[in-house]
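In what follows, a structure is listed as structure tokens, so that the remarks can point back to it.
The values are calculated or read from the model by the stated rules, or taken from the named source; none is laboratory data. Since the structure is predicted, the reported quantities are computational estimates derived from the model, not experimental observations. All Cβ positions, glycine included, derive from the backbone under ideal geometry; neighbour counts span all protein chains shown. All accessible areas refer to the heavy atoms of the entire protein, side chains included, with ligands and DNA or RNA removed. Shrake-Rupley method; radii C 1.70, N 1.55, O 1.52, S 1.80 Å.
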Amino acid sequence: MEECIFCKIVSGEVSSMKVYEDEYTLAFMDIAGDVDGHILVIPKEHCKNILDCNYHVLNDIMNTVKKIAEHLVENCRYDGVNILNASDESAGQSVPHFHIHIIPRRNNDGIDAWPVFEGANCEIEEIYRKIKMDEC
Ligand code: AMP
Ligand code: ZN
């Protein structure tokens, strides 16, 4: 994808602070400057998001997410991580190349990485009937 900023990072046309790289994935620092240690994990092959990627790509990305999470806890004195993803503009995706955000966490660090929702509009049973899959 010629105009994709993350494809340009993969090709080296745009520089990045690489945290980890293997044959299929790349992890680099998010430049938002919004929270300490914000990392993005991407597939090297362009796909837009979880709705667009195949299972191999997803497997590669999640393996890398796990590797980095373990590295942060085992070697960097963090206690845990938040893993965040927006798939589609409706969900807030701003860069259309699949990426998982990793936010390193320490006990009592005061970071609020969980959305505070305003409350459901419908009864849970009503939504459940609509979204339940045939398999169960
Ligand atoms: P999202 O809104 O979930 O699509 O997240 C896109 C993320 O990409 C944001 O957190 C941006 O700060 C980050 N971002 C955009 N351009 C770059 C770049 N050149 N290098 C690193 N992070 C970037
Ligand atoms: Zn791309």
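Per the Cauchy relation, a quarter of the hull surface: what is the mean projected area of the convex hull of the alpha carbons in the chain, in nm²? Before the final figure, lay out the partial values.
On the way: hull surface 43.3 nm².
Mean projected area for the chain: 10.8 nm², to one decimal.
For Glu123, what accessible area in Å² do you get when you roll a 1.4 Å probe over the heavy atoms of the protein chains, rounding to the nearest 10?
130 Å²
Which one of His71, Ile83, Gly110 has its Cα pushed farthest toward the positive end of the charge dipole of the chain, where Lys and Arg give +1 and Asp and Glu give -1 at the Cβ?
It is His71, whose Cα lies furthest towards the positive end.
Counting other Cβ atoms within 10 Å of each Cβ, which trypsin sites (Lys or Arg not before Pro) in region 66-96 have at most 11 and sit in a DSSP loop?
On the way: sites: Lys66, Lys67, Arg77; in loops: Arg77.
Those satisfying the criteria are Arg77.
Suppose every Lys and Arg Cβ carries +1 and every Asp and Glu Cβ carries -1, with no other charges. What dipole size does the chain come out with about its Cα centre, to the nearest 20 debye?
Details: 12 positive and 25 negative charges, 61 e Å.
That gives a dipole near 300 debye.
How would you order 89-98, 20-29 from highest to lowest mean count of nearby Cβ atoms within 10 Å?
On the way: 89-98: 13.9, 20-29: 16.2.
Put in order of decreasing packing, that is 20-29, 89-98.
Listed highest first by mean packing, meaning other Cβ atoms within 10 Å per residue, what order do 107-120, 30-43 come in?
Numbers: 107-120: 8.3, 30-43: 16.6.
Highest-to-lowest ranking by the protection proxy: 30-43, 107-120.
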